[in-house]
Amino acid sequence: MPQKLKLAVAQKHTLSTTAETLRDLEDTAREAAYADVDLILFPEAYLGGYPRTCSFGAAVGNREPIGREQFLAYFHDAVDLGDTPKGDEGSGEYWIERKLPVAKGSKYRGDGTREQLERIASETGVFIVTGLVEKAAGSLYCAVVYVCPQRGVIGKRRKVMPTGSERLIWAQGSTRTLRAVTTTIKGVKLTLAAAICWENYMPLLRYSLYSQNVNLYLAPTADFRPTWLPLMQTAATEGRAFVLSSNQCTKKRHLPAWVRGTTQTGGTYASGKTTSTEDDEEYASRGGSCIISPFGEVLKGPLWEVTDGLLAVDVDFEDCERGRLDLDVAGSYSRSDSFHLRVDGLDLTPPP
């Protein structure tokens, strides 16, 4: 049976409100369905937003009141999936299987975003993977959710190591959530997992995904440097997997008003900062979304300075096995008699 699917990455940017962004995600999923796409990846923090350039009023040993107002605005933009912050339950089977209690009088846990994503996947027939900023209790997590058209959400993971100033606003996710998920699309069995942005610079984290025999490696990111593409080629070559990487392409005018220091009507925000029209047209992120083969070949992209783009390509997943002839870093090439990796809380056995 042919092992061919059509994969896509969406290069988008977060809109003014989370509700608008969710509608944009739906429009893109419908566009992808029209193009016969089977699976699509959206960027890191697409729902909720990546607050690029925002300091949140923080310096070592000091926090300004404006920063707390900015964090409040950011917290309001984040989505509530009805999950908990606990490492043993959050993002695990309790939440995935809807075993967590629902408040009396409520239709479901959270704000309905999970249910909206499941509806979109079901109606379009497209498997959706999207980055988002998730709130659970009083903390925010940078997360990725896997949404199957038939089964709904089959997994979610949280970034285990936020980078730099991200550590101020995002909590650390549990390594349990690095568990790969499986699905079958048109007879093609997929084992997919995500490494978020600079988690891809963590060799042991990459290896934890390779160990689970992934054939679809997902890398939503906020990194638009030219060094990102060779990293994706490395991950694809090492893992003998197809790699999808999606980034936001954002101009400064696309950043939230509370980041830019202006109100929606053009006045000044609490910080008193303003930006010129010329500055507003500068790129805060140039994008760089791409699709890479298991041999490290660039199949599509990188896509630069396109704020609303879609890359799609037909692939043959038997290329993953073809590549294992001479390289299987977690199998025959691993020297497992001498080298060992253990991740607390994470089963590295390939999922069934």
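Binning the C-alpha pair distances of the chain at 10 Å intervals from 0 yields a P(r) profile of 5, 26, 35, 24, 9, 2, 0 %, listed from the shortest bin outward. Straight-line cross-link partners of Lys159 among the lysines, defined as a Cα under 16 Å from its Cα and at least 8 positions apart when in the same chain: Lys86, Lys135.
Residues considered: Arg98, Arg30, Arg286. Largest GNM mean-square fluctuation over the chain, using C-alpha springs under 10 Å, is found at Arg98. Where the centroid of each part is defined by its Cα atoms, how far is the range 45-85 from the range 154-213 in Å? The two parts, judged by their Cα centres, are 22 Å apart. Neighbours of Arg240 by Cβ distance under 11 Å: Lys/Arg scored +1, Asp/Glu scored -1, total -3. For the chain, a Gaussian network of Cα nodes joined below 10 Å ranks Val214, Val306, Val60 by mean-square fluctuation, and the top entry is Val60. By DSSP, the beta bridges lying fully in the chain are antiparallel in about 75 percent of cases.
When only alpha carbons are used to place a centre, the range 219-256 and the range 283-315 end up 8 Å from one another.
Computed about its Cα centre, the charge dipole of the chain is approximately 760 debye, with only Lys, Arg, Asp and Glu carrying charge at their Cβ.
When only Cα pairs below 8 angstrom with a gap of at least 6 residues are kept, the chain shows a relative contact order of 21 percent. In this structure the amide hydrogen of Leu255, modeled in the peptide plane, comes within under 5 Å of no amide hydrogen from residues 5 or more places off or on another chain. Spin-label model, Ala257 to His340: label points 7 Å out along the Cα-to-beta-carbon direction sit 5.8 nm apart.
Given the DSSP H assignment, sum -39500 (n - 2.57) over each helix run of at least 4 residues in the chain and divide by its residue total; what's the result at 222 nm in deg cm²/dmol, nearest 500? Taken over the chain, the calculation gives -6500 deg cm²/dmol.
Farthest toward the positive end of the dipole of the chain, out of Leu299, Thr221, Val313, is the Cα of Thr221, where the dipole comes from beta carbon charges about the Cα centre. With contacts taken as Cα pairs under 8 Å at a separation of at least 6 residues, the range 1-133 carries a relative contact order of 34 percent.
Each value in this text was obtained by applying a stated rule to the coordinates, not by laboratory testing. The model shown is predicted, which means the values in this text are computed figures rather than measured ones. Methodologically, a virtual Cβ is constructed for each residue, glycine included, from the backbone with ideal geometry; neighbour enumeration extends over all protein chains shown.
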